[in-house]
1. Would you work out the charge dipole size for the chain about its Cα centre, treating the Cβ of every Lys and Arg as +1 and the Cβ of every Asp and Glu as -1, and quote it to the nearest 20 debye?
2. Binning at 10 Å from 0, report for the range 54-104 what percent of all alpha-carbon pair distances ends up in each bin.
3. Just going by the charge dipole of the chain, with Lys and Arg at +1 and Asp and Glu at -1 on Cβ, which of Leu100, Gly69, His27 is farthest out on the positive end?
4. Of the options Val217, Gly257, Gly41, report the single residue whose Cα projects farthest towards the positive end of the charge dipole of the chain (beta-carbon charges: Lys, Arg +1; Asp, Glu -1).
5. Mind jotting down the distance between the C-alpha centroids of the range 222-291 and the range 85-129, whole Å?
6. Counting only DSSP beta bridges with both residues in the chain, tell me the antiparallel percent, nearest 5.
7. Among 54-65, 253-264, how do they line up from the highest to the lowest mean number of other beta-carbon atoms within 10 Å?
8. Are there DSSP H segments in the chain that both extend 24 Å or more along their axis (alpha-carbon positions) and score a mean Kyte-Doolittle hydropathy of at least -0.5? List them, or say none.
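Taken together, the values in this text are just the output of simple stated rules run on the coordinates, not laboratory data. Quick caveat: nothing in here was measured; it's all calculated off a predicted structure. Don't worry about glycine lacking a Cβ; one is built from the backbone with ideal geometry, like all the others, and counts go over all protein chains shown.
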Amino acid sequence: MTDQLAVVTVTYSSGDYVKAFLDTLAHATTLDPRVVIADNGSHDGAPEAAERDYERVTLVHTGANLGYGGAINRAVAEIDPEVEYIVVANPDVAWGPGSLDELLAAAQRWPKAGSLGPLIHEPDGSVYPSARRVPKLVSGTGHALLGAVWKNNPFTRSYLDEENAQTERPVGWLSGSCLLVRREAFDAIDGFDSRYFMYMEDVDLGDRLGKAGWLNVFVPSAEILHTKGHSAGKNPELMLPAHHASAYRFQADRNPGVLRAPLRWGLRAGLAIRSRVAVRSARRALDREAARSGGEQ
């Protein structure tokens, strides 16, 4: 049964998170899956230590920072094509007991599921809205523009789809921080689109799986903890523009052609303005936090 399942993750100086990831994995499934770590250029020795200290861990150096989706594709390429299911997860995930076995059981209940995702807890115990609708042009733009200033606006409320947070069901897309993917489905759409360096690659994957006839199934009986953004939150000048660039790519890809060019120009300009505002706001918040921390010492 070991060859039914493999696990892949991406590291970029992920530190102690990698050890917690591997230690809790032992309680997530009765299987003993192979784990492939694709490293995008770490300087902390954590991926090398993982390969040395854990028997079934294989480390692959990508040779450059390929981004999340590209590195996942590189890791998946190391897995025998006969392996039926692959877990795609961030290295800062801690697995709940039996969580992967729950996802595997759900995969049997949903034979057309191309991806299945768990209930995701944040460090403060709250539930992260990881199962969402695919953003259309109007709804996605409405959420992007209003989500930060009007939390309960109708676009965001519809997009997050939080009313059914405890129901196992098909959804538009699932958070790429933790996915069980059926290898057949993943290969059928050529995996992640590596043009997305960071962010939105999971939205794009879920959308393409759906268009190819597969389901994305939310499985709340499987639970994990995700310490999201442990590096992203410290670098808003890099990460927020990347997020907005990915949002533009997603909508631009789905609105091609000469007739929709003015729409794409307007979208690009609006997202560029929003990105600059978001960066300034995030930097001010980080500076205030640093000032408070310094004053408390």
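1. Values: 32 positive and 37 negative charges, 394 e Å.
Roughly 1900 debye for the chain.
2. Distribution as computed: 17, 49, 31, 3 percent.
3. Gly69
4. Farthest towards the positive pole: Gly257.
5. So the two Cα centres are separated by 26 Å.
6. The antiparallel fraction comes to roughly 45 percent.
7. 54-65, 253-264
8. Values: long enough: 236-253 (25 Å, -0.40); 261-296 (52 Å, -0.42).
Helices passing the filter in the chain: 236-253, 261-296.
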